[in-house]
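Asks: Handing you a structure now.
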Amino acid sequence: MELTITEQIEQLKTQCLDCNNCELAHTRRNVVFGEGNPESPLMIIGEGPGMNEDATGRPFVGRAGALLDEALAACRIGRHHVFICNVLKCRACITENGRTRNRPPATDEIETCTPWLEKQIEIIKPVVILCLGAPSAKFVIKKDFKMTQERGIFYPTKYARYAIAALHPAYILRQAGQSYDGGKSLLIADIEAARKKVIEAKKEPKLTLF
Ligand code: URA
């Protein structure tokens with residue numbers, strides 16, 4: 001008998017939690033597979049786990065996660081409505097003088113990890129993908145994606161009928177005053193656009209006969 005979408009995602013998660021395909025397996029505390037509703041038409045894809053996500057095994061649970069939750073709530077979206085995950089499933093970090101901090105993932109780490117994301121997308125088949133931050137948009141939309149010029153625009157992609165990119169909540173948190181407020185408003189506007197696109201897409205005629 002064919003597995004349900006939820007069963008397929010659970011099966012993939014079990015495999016992903018055991019991943020040893022790159023060096024990050026030696027430094028991570030937890031694989032952050034992603035969570036939410038795998039039957040959702042809206043998938044949100046961030047960059048990669050940070051300290052809090054690594055500690056808990058859950059995506060977007062730190063300060064950036066709190067801002068994301070606030071922006072989602074402004075659009076009347078709860079975590080249970082969407083599936084949230086990251087391009088990278090393990091934290092990329094560096095320890096210097098006894099202090100550990102995040103670092104950008106290496107190209108080969110991204111290449112080794114993204115088959116997990118591709119399998120997630122293949123199972124979930126989202127109608128709309130919302131990319132948070134440039135690394136996600138570069139993977140989902142196009143390699144030379146430019147956040148300042150191209151956020152808030154829908155693109156057709158091989159991964160979903162529509163993909164749109166928004167500023168990463170962690171980037172917004174680094175802004176002060178008006179830039180923070182402006183960034184947060186843009187994030188809310190882009191989430192709202194994604195929500196509306198899901199509703200619009202439901203009304204579009206299906207191109208297949210069956
Ligand atoms: N930033 C991300 O891109 N993903 C997370 O899960 C947390 C912070």
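Asks: Within straight cross-link reach of residue 125, meaning Cα distance under 27 Å, which lysines are found once same-chain residues fewer than 8 apart are removed?
Replies: Excluding near neighbours in sequence, the set is 13, 89, 138, 142, 143, 146, 158, 196, 197, 202, 203, 206.
Asks: How high is the relative contact order of the chain, in percent, counting Cα pairs under 8 Å that sit 6 or more residues apart? Kindly include the intermediate steps, with their values, before the conclusion.
Replies: Working: 349 pairs, mean separation 44.4, N = 210.
Relative contact order here is 21 percent.
Asks: Within a Cβ distance under 13 Å of residue 119, other residues only, what is the Lys/Arg minus Asp/Glu net charge? All intermediate terms of the calculation are to be shown ahead of the outcome.
Replies: Working: positive: 13, 89, 125; negative: 10, 118, 122.
Its environment carries a net charge of 0.
Asks: Here's a follow-up. Taking the Cα centre of the range 107-173 as the origin, how large is its charge dipole in debye, to the nearest 20, when only Lys and Arg (+1) and Asp and Glu (-1) carry charge on their Cβ atoms?
Replies: On the way: 9 positive and 7 negative charges, 65 e Å.
Charge dipole, the range 107-173, about its Cα centre: 320 debye, nearest 20.
Asks: Going by how many other Cβ atoms sit within 10 Å of their own, how do 139, 154 line up, fewest first? Before the final figure, lay out the partial values.
Replies: Working: 139 21, 154 15.
By the 10 Å Cβ count, ascending: 154, 139.
Asks: Averaging the inverse of every distinct alpha carbon separation and then flipping it gives the Kirkwood radius. What is it for the range 101-161, in angstrom units?
Replies: Working: mean 1/r = 0.0790 Å⁻¹.
Value: 12.7 Å, from the Cα pair sum.
Asks: Please give the charge dipole size of the range 50-193, origin at the Cα centre, charges +1 on K and R Cβ atoms and -1 on D and E Cβ atoms. Round to the nearest 20 debye. Walk me through the intermediate numbers first.
Replies: Working: 20 positive and 15 negative charges, 9 e Å.
For this selection, approximately 40 debye.
Asks: Below 8 Å between Cα atoms, with a sequence gap of 6+, how large is the relative contact order for the range 137-210 in percent?
Replies: Details: 58 pairs, mean separation 15.6, N = 74.
The value is 21 percent.
Asks: Let me ask something else. Rounded if a/c is under 1.5, else prolate if a/b beats b/c, else oblate: with a ≥ b ≥ c from the C-alpha gyration tensor eigenvalues square-rooted, which is the chain? Numbers along the way, then the final one.
Replies: Working: a/c = 1.69, a/b = 1.13, b/c = 1.50.
It is oblate, given that a/c is not under 1.5 and a/b is not larger than b/c.
Asks: Shape of the range 17-72 from its Cα gyration tensor (a ≥ b ≥ c, root eigenvalues): rounded if a/c is under 1.5, otherwise prolate when a/b > b/c, or oblate?
Replies: Values: a/c = 2.65, a/b = 1.49, b/c = 1.79.
Since a/c reaches 1.5 but b/c is at least a/b, the shape of the range 17-72 is classed as oblate.
Asks: Here is a follow-up. Among 44-56, 60-72, how do they line up by average Cβ neighbours within 10 Å per residue, starting with the highest? Numbers along the way, then the final one.
Replies: On the way: 44-56: 22.9, 60-72: 19.7.
Packing proxy ranking, top to bottom: 44-56, 60-72.
Asks: Per-residue counts of other Cβ atoms within 10 Å, averaged by peptide: what ranking do you get for 166-177, 96-107, highest first? Don't skip to the end; give the middle numbers.
Replies: Numbers: 166-177: 17.6, 96-107: 10.6.
Highest-to-lowest ranking by the protection proxy: 166-177, 96-107.
Asks: For 108, 190, what's the fewest-to-most ordering of other Cβ within 10 Å of each Cβ? Display every interim value, and only then the final one.
Replies: Numbers: 108 10, 190 22.
The most exposed by this proxy come first: 108, 190.
Asks: Starting from the exponent 0.38 and prefactor 2.2 Å, build the expected Rg for the range 98-210 from its residue count and divide its actual Cα Rg by it.
Replies: Details: Rg = 16.1 Å, N = 113, 2.2 N^0.38 = 13.3 Å.
Normalised Rg, Cα atoms only: 1.21.
Asks: Oh, and also: I need 147, 43 ordered by Cβ neighbour count within 10 Å, fewest first.
Replies: 147, 43
A short reminder: the numbers here are calculations on the coordinates, not readings from a lab. Values in this document were obtained by computation on a predicted structure and should not be read as measured data. Methodologically, a virtual Cβ is constructed for each residue, glycine included, from the backbone with ideal geometry; neighbour enumeration extends over all protein chains shown.
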